[in-house]
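A.B. asks: Dropping a structure here in C-alpha cells format, bear with me for questions.
The values are calculated or read from the model by the stated rules, or taken from the named source; none is laboratory data. Treat the numbers as computed from the prediction; the structure is a model and nothing was measured. Cβ atoms come from the backbone with ideal geometry, glycine included; neighbour counts cover every protein chain shown. In case anyone asks, the SASA skips ligands and DNA or RNA and just uses the protein heavy atoms, side chains included. Shrake-Rupley method; radii C 1.70, N 1.55, O 1.52, S 1.80 Å.
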Amino acid sequence: MSGRLGARVQCPSHPDVHLIEDYRAGDLICPECGLVVGDRVVDVGSEWRTFSNEKSNVDPSRVGAAENPLLSSDLSTMIGRSNSDVAFDASGVAKYQNRKHMSSADRALANAFREISNMSDRINLPKTIVDRANLLFKQVHDGRTLKGRSNDAIASACLYIACRQEGVPRTFKEICAVSKVSKKEIGRCFKLILKALETSVDLITTGDFMSRFCSNLGLPPAVQRGATHIARKAVELDIVPGRSPISVAAAAIYMASQASNDKKTQKEIGDIAGVADVTIKQSYKLIKCFNQ
C-alpha cells in the first residue's frame, strides 16, 4: 500500500474488490481473503452513545444544535435531569445545575429566530429567506430603532421584507395568517424597518403572484397564460389605475377562468389571493369595460 497522501487504499491481491468497512473496529477488510488493509479508520458519522441515566431518551446524541453566528453566546452545555442518588447531596439538593448561560439580548434574538422559523415552516418558505429575515431582525435589534414595538411584529415584518428581497413575495395577509400580530401592525413595522435600515424592496408585480395563485386554485397552464397576458396588458395600458397588483392578478385570473372550462368564483379566488370579492369585481369591471 502506498504511503503517498491521497493514494487509494486497496488489497494487494485483489485490487479491484470493494473493501468492507468495519465501523466498530475501524478496519478496512478485503471480502475475498479477509486481509485487514487499513486500520484506525475514523468514523465521521454521528455518535449515538447516550450519557443520560434515562433509558428512554429519544435523542441520545451528545451534541447540540449548530452554532448560530448571529448570537454572541450560543455555545453551552446542558446537564440532563437525573433521579439517581449520586446526583443529589445529603440535603437533597442537586449537585449539578444549569446556569443562565444566555444573555437577555441573545434570548430575545433566539425567541425571534424561533418565531421566524415557525412562521416560515407554516407557509413553506426556504431556508434562504429564514436566514435573511434573521439577519434583518438582528440589525433592527442591534440598532434599537424600533423601541416599543413587539418582537413578534418586527419578526413578521422582517419575514415579509425577506420574501420580497429574495424575489418570492408574500402578501401581508399571508404573513398575518401565520403571525401573532395584526396586519396593520406588520405594515407599520415594515415601513419603520425600511427607514431604519435604509434599505428597499422591489415593487411587486402581477407576475409575482400569478403562478402561485393559479397553482393553488388548480387551474391549468392555459388559464395561467391567459391570466398573465390579461394582467400584463391591463398594467401596460393603465386600465386599472391605483389598483394593487394582487387585485389585478385576481381579476385577471377570474376573467381567464370564466373563458375556460375551469371556472372559478370570485370568492374562491379571493380566498387564495387574500382580497375581497368586491375588490376583484371592481377590477374585473374596469378590464371588461375596456375590452368592450
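A.B. asks: On a full-extension model of 0.36 nm per residue, what is the gain between K267 and D131, subtracting their alpha-carbon distance, rounded to one decimal in nm?
C.D. replies: Taking K267 through D131 to full extension adds about 45.5 nm, to one decimal.
A.B. asks: Does segment 111-199 come out rounded, prolate or oblate by the C-alpha gyration tensor, with a ≥ b ≥ c the root eigenvalues, rounded set by a/c under 1.5 and, if not, prolate when a/b is larger than b/c and oblate if not?
C.D. replies: Rounded, because the longest to shortest axis ratio a/c is under 1.5.
A.B. asks: Okay, moving on. At a 1.4 Å probe radius, which order do D277, D121, D16 fall into by accessible area, largest first?
C.D. replies: From most exposed to least exposed: D16, D121, D277.
A.B. asks: Same structure again: Using per-residue counts of other Cβ atoms within 10 Å, averaged over each peptide, order 154-165, 225-236, 130-141, 188-199 from highest down.
C.D. replies: Top of the packing list down: 154-165, 130-141, 225-236, 188-199.
A.B. asks: With charges set only on the Cβ (+1 for Lys and Arg, -1 for Asp and Glu), what does the dipole of segment 231-282 come to about its Cα centre, in debye to the nearest 20?
C.D. replies: It comes to approximately 80 debye.
A.B. asks: Averaged per residue, what accessible surface does segment 163-235 expose to a 1.4 Å probe, in Å²?
C.D. replies: Ligands and nucleic acids excluded, the result is 54 Å² per residue.
A.B. asks: Among rounded, prolate and oblate, which fits segment 208-278 when a ≥ b ≥ c are the square roots of the eigenvalues of its C-alpha gyration tensor, a/c under 1.5 means rounded, and a/b larger than b/c means prolate?
C.D. replies: Oblate is the answer for segment 208-278, as a/c is 1.5 or above yet b/c matches or exceeds a/b.
A.B. asks: Return the distance in nm (one decimal) between the two label points of a simple spin-label model at Q282 and A222, each offset 7 Å from Cα along Cα→Cβ.
C.D. replies: About 3.4 nm separates the two model spin labels.
A.B. asks: Okay, next question. So what is the relative contact order for segment 105-197, in percent, with contacts set as C-alpha pairs under 8 Å and at least six apart?
C.D. replies: Across segment 105-197, relative contact order equals 31 percent.
A.B. asks: Using a 1.4 angstrom probe on heavy atoms only, work out the carbon and sulfur share of the accessible area of segment 206-289 in %.
C.D. replies: Within segment 206-289, the accessible surface is 51 percent carbon and sulfur.
A.B. asks: Follow-up. Determine the gain in length on full extension of the stretch K183-L35; use 0.36 nm per residue of separation and subtract their C-alpha separation, reporting nm with one decimal.
C.D. replies: Contour length minus Cα-Cα distance gives 46.4 nm.
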